[in-house]
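No value in this document is a laboratory result; all are computed from the given coordinates. Computed from a predicted structure; not experimentally measured. Reconstructed Cβ throughout: ideal geometry from the backbone, glycine too, with neighbour counts over all protein chains shown.
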Amino acid sequence: MKKAISYLRALDKLGVLLAYLSSVGIAAMIAITVYEVVARKVFSAPTLWSNTSSYMLSGTIFLFGAAYTLRADRHVKIDFMLTVMPLRIQHLISFLFYAVIFFPALCLICDVAMTKTLKAYDRGTLEAMSAWRPVIWPFMAGMALGLASLTLQVFIEMLRHLLVIISPVDVDKILDTFDQQQNSHG
């Protein structure tokens with residue numbers, strides 16, 4: 001059990017890395033926006049690339065933060081009925097949701113995203129909605145990476161719920177919140 005928990009914690013680190021990259025992306029998006037405002041208002045020289053860069057970054061930022069948000073249990077959910085049930089039933093329902101609905105759907109979405117990214121790269125596809133018309137594969141690759149990370153995190157959470165179903169005695173070790181892990185390491 002200890003080894004499984006340590007593997008799950010190690011896999012959580014990908015979500016942390018992408019969350020940090022998401023933070024860098026937010027700083028970059030702010031810098032792009034400030035640059036555009038100054039270029040437009042002060043120098044009367046708007047850019048072609050700022051709007052496209054901002055929307056591409058915002059989609060990537062959103063998906064890069066999704067795995068971390070799931071691990072930190074910060075996604076919006078309606079669980080008022082779930083919380084009154086016994087612990088094993090709560091985790092069984094969560095496990096079944098992840099295993100039957102969420103994980104398979106994310107696998108399909110992730111596969112489509114990766115396939116489209118590779119096609120865009122092979123074809124040199126350009127962004128059609130922008131006057132700048134950059135290649136679109138880096139944006140699509142970021143989204144595919146974010147989706148892959150979220151898919152991995154859903155699998156990890158699914159395993160955590162399964163471990164609690166199997167061994168509810170170790171529930172505190174299995175489900176310690178990500179915030180507690182972060183506070184103990186930093």
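Of the Cα atoms belonging to the chain, the radius of gyration and Dmax stand at 20.2, 66 Å. Within the listed set MET158, MET140, MET129, the Gaussian network model of the chain (springs between alpha-carbon atoms below 10 Å) gives the highest mean-square fluctuation for MET129.
Taking a point 7 Å out from the Cα of PHE103 in the direction of its Cβ, the residues of the stretch 139-164 whose backbone N falls within less than 18 Å of it are 147-164. Please report how far the C-alpha centroid of the stretch 6-74 lies from that of the stretch 100-117, rounded to the nearest whole angstrom. For the stretch 6-74 versus the stretch 100-117, the Cα centre distance is 22 Å.
The ranking of MET143, MET81 by Cβ neighbour count inside 10 Å, starting from the fewest, reads MET81, MET143. The residue list ILE165, ALA45, CYS110 was ranked by how far each Cα lies along the charge dipole of the chain toward its positive end, using unit charges on Cβ atoms, and ALA45 comes out on top. A Förster distance of 41 Å, applied to the separation of the beta-carbon atoms of TRP49 and ARG88, puts the FRET efficiency at 0.15.
About the Cα centre, and with charges only on the beta carbon of Lys, Arg (+1) and Asp, Glu (-1), how big is the dipole of the chain? Nearest 20 debye, please. With Lys and Arg at +1 and Asp and Glu at -1, about 220 debye.
Here is how the number arises for the chain: DSSP H runs of 4 or more residues each give -39500 (n - 2.57), the sum is divided by the residue count, and the result at 222 nm is -25000 deg cm²/dmol. Using a Gaussian network for the chain with springs between C-alpha atoms less than 10 Å apart, which of these wobbles most: THR60, THR83, THR69? Sorting by GNM fluctuation, first place goes to THR83.
By Kyte-Doolittle mean hydropathy of at least 0.5 and Cα axial length of at least 24 Å, which whole DSSP H helices of the chain are selected?
On the way: long enough: 2-41 (59 Å, 0.92); 50-71 (32 Å, 0.47); 103-123 (30 Å, 0.55); 137-166 (43 Å, 1.52).
What comes out of the filter, once short or polar helices are dropped, is 2-41, 103-123, 137-166.
Per-residue Cβ neighbour counts within 10 Å put LYS173, LYS116 in the sequence LYS173, LYS116, beginning with the fewest. Its residue count N sets the reference 2.2 N^0.38 Å, and the alpha-carbon radius of gyration of the stretch 118-159 equals 1.55 times that reference. Sorting the segments 85-91, 147-153 by their residues' average number of neighbouring beta-carbon atoms within 10 angstrom, most packed first, yields 147-153, 85-91. Relative contact order, whole percent, for the chain stands at 30, derived from Cα pairs under 8 Å and 6 or more residues apart. When the chain is treated as a Gaussian network with alpha carbon springs shorter than 10 Å, the biggest mean-square fluctuation among ASP122, ASP12, ASP73 belongs to ASP122.
Treat the count of other C-beta atoms within 10 Å as a stand-in for reagent exposure and order ILE109, ILE61 from fewest to most. Write down the numbers at each step before the final one.
Values: ILE109 14, ILE61 22.
Ascending number of Cβ neighbours within 10 Å: ILE109, ILE61.
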